[in-house]
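Since the structure comes first, as structure tokens, the remarks are kept for the end.
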Amino acid sequence: MERKKTKPKRKNKIIITLLIIVILLGSIISYFYNKKHLFFPVEIEPKIAECVVRSSIQLYVINPKTLEFEKYKVLPLGTKVDVMLNNWVLADGYGYYYRLSNYEGRNDIFAEEIIHKYISNDILEYFSFDNLNYYEVFPTNDYNDIPYKFQSCIVDFFYQEQLHKNKRWRFSSISDRAKSTFVIDNFTSEKEKDIAIILESEDTRSHALYFFHRDDNQRCNTIYTATYGGGSPIMKIFKKNDLIYQNDNTLKPAPNNGIILEFYGGSYRSAILYDPNLKSFMDYPQYITPIEKNEDLNIQKNTNNIPETQELEKDSIYFE
């Protein structure tokens, strides 16, 4: 009589289950690690463009172990190279990079995206980042600090509004100013961060403020806009419960994180924050001069609105 096969022991089942869990966890961790550092477009048949560079350009390779960009060598002035227009990489903190085709017998060399300047415009029209070049939106490398998810928001906005063509609004090309034209914080939620940006008109006499938010489906939404005349405003962040002047011209704790817009070398300041009760952004003018500030504080102290011992917090409305 044929003996029946015994079922796998319970111990073996547990071991197999644990191995499967470990493999799945490893795959998930690897996926999110790679997603955090680099974004690769879907690779399709490469579209090759030939160009001759008219200035030296830094080349990079990607370390296969760390997935970080590492400097390779400098592409000398006058070098002829083939560029894969639809095969590029975006890395947070670095920017966009084009992959070179068969450079020194290799296909894993990337050039700084500024190489697009030496590629024919009629070719770029079809194969450059959804018809919009990175440097048409972000004119200096200072904007590489903007995380990819917000860069994509801004690029989509520029494309929809055709700002790269009509030049109605643009980012500042002055490196020293660029860092003060965007801030990232939890403006509408304690879970997800938003970004606020300042764009300037072509004559730099007018400025526009935009807040962008990504929803649960990762769709990008413009949640607040405002325009201002004159000056070159800078942005600073204030935190929830910092004291700011609100509707009745008294200092009150802010209900949420927000920004201070400072104009004309400090001659005008405005606090902009999302009010969760009103479900909208509010713009509150702020007292400017020390005289105005002291007079107002004295009035409030005399009426017991602010106790004598209370002081403005370091990160409150008054930035020294």
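The values are calculated or read from the model by the stated rules, or taken from the named source; none is laboratory data. What you see is a predicted model, and the numbers here were worked out from it, not measured in a lab. In this analysis, Cβ positions are derived from the backbone assuming ideal geometry, glycine residues included, and neighbour counts consider all displayed protein chains.
Values for this structure:
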| item | result |
| --- | --- |
| Residue match in the stretch 79-88 (condition: within 30 Å of K179 (Cβ to Cβ), in a strand (DSSP E or B), modelled with pLDDT of 90 or more and not hydrophobic (A, V, I, L, M, F, W, C)) | no |
| Test: residue in the stretch 182-194 that is of a type in the set (V, I, T) and touching a residue at least 40 places away in the same chain (Cβ under 8 Å) | yes |
| Where I260 falls short, out of the listed (1) in contact with a helix residue (DSSP H, G or I) (Cβ under 8 Å, 6 or more places away or on another chain); (2) at pLDDT 75 or above | (1) |
| Residue identified as touching a strand residue (DSSP E or B) at 6+ places or on another chain (Cβ under 8 Å) and part of a loop (DSSP other than H, G, I, E, B) among S232, S270 | S232 |
| Among the residues listed as N249, N256, the single one being assigned to a loop (DSSP other than H, G, I, E, B) and either touching a strand residue (DSSP E or B) at 6+ places or on another chain (Cβ under 6 Å) or among the charged types (D, E, K, R) (or both) | N256 |
| Residues of the stretch 153-175 satisfying the condition of being modelled with pLDDT of 85 or more, in contact with a Leu (Cβ under 9 Å, 6 or more places away or on another chain) and part of a helix (DSSP H, G or I) | F157, F158, L163 |
| Subset of the stretch 49-69 that is hydrophobic (A, V, I, L, M, F, W, C) and in a loop (DSSP other than H, G, I, E, B) - its residue that is nearest to E112 (Cα to Cα) | V53 |
| Where H207 falls short, out of the listed (1) touching an Asp or Glu at 6+ places or on another chain (Cβ under 6 Å); (2) not in a strand (DSSP E or B) | (2) |
| Residues located in the stretch 149-164, provided they are within 13 Å of N221 (Cβ to Cβ) and of a type in the set (D, E) | D156 |
| Tally of residues being surrounded by fewer than 18 Cβ atoms within 10 Å (Cβ to Cβ), over 23 Å from the mean Cα position of the chain (by Cα) and closer than 23 Å to T181 by Cα across the stretch 237-262 | 0 |
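So that you can scan it fast, the table gives a plain yes or no per residue for (1) at pLDDT below 80; (2) surrounded by fewer than 10 Cβ atoms within 10 Å (Cβ to Cβ); (3) under 23 Å from K149 (Cβ atoms); (4) of a type outside the set (F, W, Y):
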| residue | (1), (2), (3), (4) |
| --- | --- |
| K7 | yes, yes, no, yes |
| L25 | yes, no, no, yes |
| Y31 | yes, no, yes, no |
| F40 | yes, no, yes, no |
| I48 | no, no, no, yes |
| S55 | no, no, no, yes |
| F69 | no, no, yes, no |
| R99 | no, no, yes, yes |
